[in-house]
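Heads up, the thing below is written out as structure tokens.
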Amino acid sequence: MKNIKKTDPAIYQLIRKEEKRQREVLEMIPSENYTSKAVMEALSTALTNKYSEGYPKKRYYQGNKVVDEIEIIAEERAKKLFGVPFANVQPYSGSPANSAVLMALLEPLKDKIMGLSLAYGGHLTHGSHVSFSGIYFKTVSYELGKDELLDYDAIEELALKEKPKLIICGFTAYPRTIDFKRFGQIADKVGAYLLADISHIAGLVAAGAHPSPVPYADIIMTTTHKTLRGPRGAILMVTEKGLKKDPDLPEKIDKAVFPGLQGGPHDNQTAAIAVALLEASKGSFKAYGKQIVANAKKLAQELIKYEFNLVSGGTDNHLILIDLANKNVNGAVAALALEVAGIVVNKNAVPEDSLPPFYPSGIRLGTPAITTRGMKEKEMIKIAQWINEAVSEVQNVHLPVSKEERKIYWKNFKKEVVKNRKLLQISMEVKSLTSKFPLP
Ligand SMILES: *Cc1c(COP(=O)(O)O)cnc(C)c1O
């Protein structure tokens, strides 16, 4: 980075600082990962200089012969990896990709989306009232059952009553296997399209560590930067089933992405996606996906030994959601303490949460990034122990109910917690462990 260093020392220093942070901590936010060097290299190339509005061989600008080849390779690799007849690799990220699906299929203010409620682990773009998906479209949300699992009978009943035009499955905080077949049957029964948003689990699907939605969904969306280990971005796919239902789906999707919502695609991102898709097609990636799940299962098992209350009782995939109510601490306080200890997770609502989103009852953590570093079951035992020790340090820390008091308390708590001896000691031990597992 000698050029950034010379031109812009301030940004150079901050990038180095962030690299150091990523290297030294246990990165356990389940939507994050470390890309390969090859993906990074593709991102920082001359491709970022090009304008390519349109699609391969149908561009609005000259000079796109090379970019056409790159985008076609990315599309072909996506189609092959997931087993679908159509892919669009241009969406800037997951939210714009979901927006494109809504734009392609639904009439604003008239047609209805049915997705999992945000409070239960759905994504903002699945019909939340604060997002464009809930502002411009009619929406109805399903929730989880009493056992904190998807209640397919209740979902079917709701779909029959509400007659949505689009059903969305695939979530941000659901630790269990999704029954895509059942979702497909429900969608067929009510004549709805089924969108499988596999943003979180795409890498597991590619690795055969989670069932694929391909036989049952009409459209599949995935981000490329989560378990798939690519650059930030997204892919929209149409399945054989979707094509049979509506042969115009690919054209509708293409048009919604460009010119509907976006201008020129980020060609450097497209190249990096192509590289990531090639990496994900290798045998070693299958082993990687399986290890992510094995690590999450082991970590869950260990956390249960420390009497952590896991939502749904455990995990089948890469993520764990902990309800901290029995530990007498909320998710915001616990996440902050864990960060001081070098373990980076996020606060998260749990099903039927009685606390507000700013300081919800839970934390969400996952194994994709630490598995990329080569950590295995043995390390999970140690990590569970550290999590337990760190959370114990802040048990019984309660935020005042009044907003003003809470603000002051939180500010003081933040100042104090970074000086906590025990947490700092854990962070040194974490640093020692992470130094043995270099980043890609
Ligand atoms: C991450 C995610 C998205 C959105 O992706 P962004 O790239 O952050 O816009 C959409 N849906 C699900 C289920 C996700 O997990």
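Please order Met428, Met375, Met237 by the number of other Cβ within 10 Å, starting at the fewest. Working shown, then result.
Numbers: Met428 10, Met375 21, Met237 30.
Ascending number of Cβ neighbours within 10 Å: Met428, Met375, Met237.
What ranking, highest mean first, results for peptides 288-296, 268-276 when packing means the other Cβ atoms within 10 Å averaged over each residue? Provide the component values of the computation, followed by the final result.
Working: 288-296: 21.8, 268-276: 25.0.
Ranked by mean Cβ neighbours within 10 Å, highest first: 268-276, 288-296.
Would you calculate, for the chain, the mean residue ellipticity at 222 nm contributed by helices, counting each DSSP H stretch of 4 or more residues as -39,500 (n - 2.57) and dividing by all residues, to the nearest 500? Don't skip to the end; give the middle numbers.
Values: 18 runs with 202 residues, N = 440.
Calculated at 222 nm, the ellipticity per residue is -14000 deg cm²/dmol.
Just flag the chymotrypsin sites (Phe, Trp or Tyr not before Pro) in the stretch 1-70 sitting in loop per DSSP whose Cβ has no more than 15 other Cβ atoms within 10 Å.
Values: sites: Tyr12, Tyr34, Tyr51, Tyr60, Tyr61; in loops: Tyr34, Tyr51, Tyr60, Tyr61.
Answer in residue order: Tyr60, Tyr61.
List the aspartates and glutamates whose Cα sits under 17 Å from the Cα of Lys414, skipping any in the same chain fewer than 8 residues away.
Glu339, Glu393, Glu404, Glu405
What chymotrypsin sites (Phe, Trp or Tyr not before Pro) does the stretch 325-432 have in DSSP loop regions with at most 15 other beta carbons within 10 Å?
Details: sites: Phe358, Trp386, Tyr409, Trp410, Phe413; in loops: Phe358.
Sparse-neighbourhood loop chymotrypsin sites (Phe, Trp or Tyr not before Pro): Phe358.
Using the structure shown, list the pairs from Lys161/Lys407; Lys411/Lys431; Lys161/Lys241; Lys2/Lys79 with a Cα-Cα distance above 32 Å, or answer none. Show your work: numbers first, answer last.
Values: Lys161/Lys407 44 Å; Lys411/Lys431 27 Å; Lys161/Lys241 24 Å; Lys2/Lys79 39 Å.
Violating the 32 Å Cα-Cα cut-off are Lys161/Lys407; Lys2/Lys79.
Quick one: work out the % antiparallel among DSSP beta bridges in the chain, nearest 5. The partial results should precede the final answer.
Numbers: 21 of 37 bridges.
Restricted to the chain, the bridges split so that about 55 percent are antiparallel.
Normalised by the empirical 2.2 N^0.38 Å for globular proteins, what value does the Cα Rg of the stretch 283-434 take? Walk me through the numbers before you get to the answer.
Numbers: Rg = 15.7 Å, N = 152, 2.2 N^0.38 = 14.8 Å.
With N residues counted in the stretch 283-434, Rg over 2.2 N^0.38 Å equals 1.06.
What size of dipole, in debye to the nearest 20, comes out for the stretch 42-280 about its Cα centre when the only charges are +1 on Lys and Arg C-beta atoms and -1 on Asp and Glu C-beta atoms? Before the final figure, lay out the partial values.
Working: 27 positive and 27 negative charges, 61 e Å.
The dipole magnitude comes to about 300 debye.
How large is the direction-averaged shadow of the alpha-carbon convex hull of the chain, in nm²? Walk me through the numbers on the way to the answer.
On the way: hull surface 87.2 nm².
About 21.8 nm², averaged over all directions.
None of the figures in this text is laboratory data; all of them are computed from the coordinates on show. What you are looking at is a predicted structure, and each value in this text was computed from that prediction instead of being measured. As a convention, Cβ positions derive from the backbone with ideal geometry for all residues, glycine included, and neighbour counts pool all protein chains shown.
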